[in-house]
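Report on the following structure.
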Amino acid sequence: MGATNFIKIREFCITYGITESFVFDLQEYEVIQLILIGDEPHLAEQELPLLEKMIRMHQELEINPQGLQAIYHLLEKVNTLQEEVTVLKRRLNRFED
């Protein structure tokens, strides 16, 4: 398992032109997880694509953090169901062969 890299929230927000409060709202609504390193909040590198997706939805579609939370949980449910369908298809294929 590789080492996890972390990104400072302050630097991330400056780069993406968003407020730190938006990122903290997403943490509060359990969309992303932040980690304190020293006194500074950081984001794990693996969470970057999700946060970028949430920023795009917020900026382009004007979806508030509460709406992003609902979308996030629905997307998680869809992914879980897709994985379940894949497993069931494999089982069915074994019985058909």
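With a Förster radius of 25 Å applied to the beta-carbon distance between I35 and R56, the computed FRET efficiency rounds to 0.60. List residues of region 32-48, by number, whose backbone nitrogen lies under 20 Å from a label position 7 Å along Cα→C-beta of E11. The answer is 33-48.
Straight-line cross-link reach from K8 at under 12 Å between alpha-carbon atoms covers these aspartates and glutamates, not counting any fewer than eight positions away in the same chain: E20, D39, E40, E45. Here the sum of -39500 (n - 2.57) over DSSP H runs of 4 or more residues, divided by the residues of the chain, equals -21500 deg cm²/dmol at 222 nm, to the nearest 500.
For the pair V78 and Q27, label points projected 7 Å from Cα toward Cβ lie 2.8 nm apart.
Here region 6-96 was treated as a single set of alpha-carbon atoms; its pair distances binned every 10 Å from 0 give 15, 40, 23, 13, 7, 2 percent. When the chain is modelled as a GNM with alpha-carbon springs shorter than 10 Å, which of Q82, Q66, Q33 fluctuates the most? Its mean-square fluctuation being the largest, the pick is Q82. When you filter the GluC sites (Glu not before Pro) in region 1-90 for DSSP loop state and at most 13 other Cβ atoms inside 10 Å of their Cβ, you are left with E30, E62. Helix 48-61: angle to the longest alpha-carbon principal axis of the chain, degrees 0 to 90, nearest 10? Result, in degrees: 80.
Placing +1 on each Lys and Arg Cβ and -1 on each Asp and Glu Cβ, with no other charges, gives region 6-96 a dipole about its Cα centre of roughly 600 debye.
Taken together, the values in this text are just the output of simple stated rules run on the coordinates, not laboratory data. Being a predicted model, the structure only gives us computed values, none of them experimental. Glycine gets a Cβ as well: all are built from the backbone with ideal geometry, and neighbour counts include every protein chain shown.
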